[in-house]
Structures are given as structure tokens and as C-alpha cells.
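The values are calculated or read from the model by the stated rules, or taken from the named source; none is laboratory data. Treat the numbers as computed from the prediction; the structure is a model and nothing was measured. Using ideal geometry, Cβ is built from the backbone for each residue, glycine included, and neighbour counts are taken over all protein chains shown.
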């Protein structure tokens, strides 16, 4: 195989990997800046001066049989929604003070809209403030119809509705440097998209003796969108494999010959996104089906191992010989991989 061709493919992989890394760093910076802006807002404004006089007319209120309440306003914005909500539950009842906190956060809407327009491949941006159980989100999907009264965000992991505990993942005990962190794995979220998830902690009295983490800012990086703007543009067989051997996806040329199952959101389109059994099905798919080292044939598991350590090697997959070329995007632990047909 001509060296010039391999070098050309490697250059494409480097471009795609560089694009992914640059975008990841930008998302991290924006979410961190948003977290600091929220902290400054809480510190500098007196909530008792915030008027909630017109909120009842702007928001809808629903209740369940247990007295839990959902106080929500959803505005159509571009190709999605801007949602503001407070969820009254046993841990945090819906009070006038809660409404004032939510009203205070409404001033952040321009920041959310600007972030969404600026960040590529992001389909959701959120503030989850756990102290008051309120949230703001700029989202691509119809979020309002999936929220029930009294939903306590801190218990979503306990309900079996998330892959891991978002809040504990970045709290002071697990994240003493208070950094924005990417999710430890790619996962399938409520709208059945395969994503990576960045979380930045939001503190009250940051760096003081009274310091308390009161929530997170988050952004969802839609991996199908990332692949469409990188490897899908190539006529060469390409895939993205995470450091933990999760197959993020393959482009169209690769799917013709590489007989590996990839994520398809249509497989869950008719299912209830709040069904814990569905989440368990998604977890098994990510942890087992997409993991190239989990109970896979030797040719697949050995391929996954080599991808972690070698930048170019030869390998047989599904009866064909390939020269494998790999470039690393370290921010999220992605390996951009090309599979070049060997002429035998």
C-alpha cells in the first residue's frame, strides 16, 4: 500500500480527532463559565427583591395524587425548546422562595441560547440546581412531556433512569479540584441518543468554609452528529472506538463490511423513556454489545486491544485483511480508526 495514501488517510483522521478535541475543550470552557456565572448571580443578587407576581400566569402548574407539583414554562426556540421548571416534592416543596430562585435563574436564558448556538454537536444544555430542585434547559427535544410532578433530580440514578449518578460524579469528594468532567462512558440518554455528557459543579460559597455544591451545569455531545461531521465524510472505512473499547460508531463504508452492531435510536423509538427496564436494556447494549472486548470473537477483542496501543498495524476482520491506522482524540478518550483494504 502506498505510503502517500496512508499519510493522506492519517491526515484526515488527525483533522477529525482535532475537531473533536477542540469542540470538547470549548464545551468544557462554556459549561465552567456558566457555573461561575450562576454562582455570581446567587452571590450578588438579593432574592427577596425578585418579583414573582406574574409567574403564576406565565407558568403551568400540575400536581399528582401525592401532592407533588410541577411548575413549568416552555418556550419554542429555534429548533427546540427553552424550559424553566421547579419540581415540588417531599425533599424540596414548591414555595414562594423556590419560585424566586427560579425567577432569578430566568435571567440566564440569553447565556443558554448563546451557548447552544455556539457549541457544535450539542443537543442539550442544562442547569440542575439541586438545593431548590429547579432547572433550566435549552434542548433539542420535547422535554416537557417527559417530566412528572415532584420529580427529584437527585434520585434519578436511584430510580434506575441514568447510567451513573451525575451529581456524585462531580461532587467535592470525587472531584476535589471542582473541574468540569466528561462522563466516564458514552451512553444512551432519555431521547435514545448516544452521547457524552459534560458536567461542571455549581457551588455556593465556593472555596470558603461554608462551601456547598448545589447543582451542575451540563451539555450533551450528540455522537451521531459528531460522526456525521467527521468520519461520515470519508469514503474510507472508518470508526470511532473509545478507550474503554466501546464502539461509538462506524461510517457507511465500514458498515458494509464490518459486521458489528452499532447504536440506532430507532430501536427505542416507541418505548417509554422513563421505563427503568428500558434503561437496563440500554445499559446492556452499551456495556456488552458495543464493548468490543465483551464476549467477542478473538479477532474483534484483539483488534480492540491493539487500537489502544498501536497507531498502525495489520489485522484480519470478518475474513478480510486490513491495514489499521489510528489517531487519538484524548479529551474524551476517542480513537479515530481507518481500516484500509490490503490487496492480497
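Things worth noting here:
- Among the residues here, residue 12 does not qualify as assigned to a helix (DSSP H, G or I), surrounded by 15 or more Cβ atoms within 10 Å (Cβ to Cβ), under 23 Å from the mean Cα position of the chain (by Cα) and modelled with pLDDT of 95 or more.
- Taken over the range 128-179, the criterion of being without any contact (Cβ under 8 Å) to a residue 40 or more places away in the chain and at positive phi is satisfied by 178 alone.
- Filter result for residue 318 (at pLDDT 95 or above and surrounded by 13 or more Cβ atoms within 10 Å (Cβ to Cβ)): no
Per-residue answers, yes or no, for (1) assigned by TED's automatic domain parsing to the domain that holds residue 195; (2) surrounded by fewer than 14 Cβ atoms within 10 Å (Cβ to Cβ); (3) out of contact with any strand residue (DSSP E or B) (no Cβ under 8 Å at 6 or more places or on another chain):
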{"position": "238", "(1), (2), (3)": "no, no, no"}
{"position": "247", "(1), (2), (3)": "no, no, no"}
{"position": "251", "(1), (2), (3)": "no, no, no"}
{"position": "277", "(1), (2), (3)": "no, yes, yes"}
{"position": "287", "(1), (2), (3)": "no, no, yes"}
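- Candidates 54, 2 - the one that is at pLDDT below 95, over 30 Å from residue 332 (Cα atoms), outside the structural domain of residue 130 (by TED's automatic domain parsing) and loosely packed, with under 13 Cβ neighbours inside 10 Å: 2
- Looking only at residues in the range 68-97 that are part of a loop (DSSP other than H, G, I, E, B) and without any contact (Cβ under 8 Å) to a residue 40 or more places away in the chain, the one that is nearest to the chain's Cα centre (by Cα) is 78.
- Note on the range 138-161: residues that are surrounded by 15 or more Cβ atoms within 10 Å (Cβ to Cβ), touching a strand residue (DSSP E or B) at 6+ places or on another chain (Cβ under 8 Å) and either outside the structural domain of residue 197 (by TED's automatic domain parsing) or modelled with pLDDT under 95 (or both) amount to 11.
Results for (1) touching a strand residue (DSSP E or B) at 6+ places or on another chain (Cβ under 8 Å); (2) within 24 Å of residue 181 (Cα to Cα); (3) modelled with pLDDT under 95; (4) in the same structural domain as residue 92 (by TED's automatic domain parsing), shown as yes or no for each residue.
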| position | (1), (2), (3), (4) |
| --- | --- |
| 254 | yes, no, no, no |
| 262 | yes, no, no, no |
| 265 | yes, no, yes, no |
| 269 | no, no, yes, no |
| 296 | no, no, no, no |
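- Among residues of the range 117-131, those that are surrounded by 23 or more Cβ atoms within 10 Å (Cβ to Cβ) and either at pLDDT below 95 or over 16 Å from residue 156 (Cα atoms) (or both), counted: 4
- With respect to being within 30 Å of the chain's Cα centre (by Cα), under 29 Å from residue 117 (Cα atoms), at pLDDT below 95 and not in a strand (DSSP E or B), residue 100 fits the description.
- Subset of the range 253-275 [part of a helix (DSSP H, G or I), buried (at least 16 other Cβ atoms within 10 Å of the Cβ) and in contact with a helix residue (DSSP H, G or I) (Cβ under 9 Å, 6 or more places away or on another chain)]: 254, 268
- Any chance residue 197 is out of contact with any helix residue (DSSP H, G or I) (no Cβ under 9 Å at 6 or more places or on another chain), assigned to a strand (DSSP E or B) and surrounded by 16 or more Cβ atoms within 10 Å (Cβ to Cβ): no
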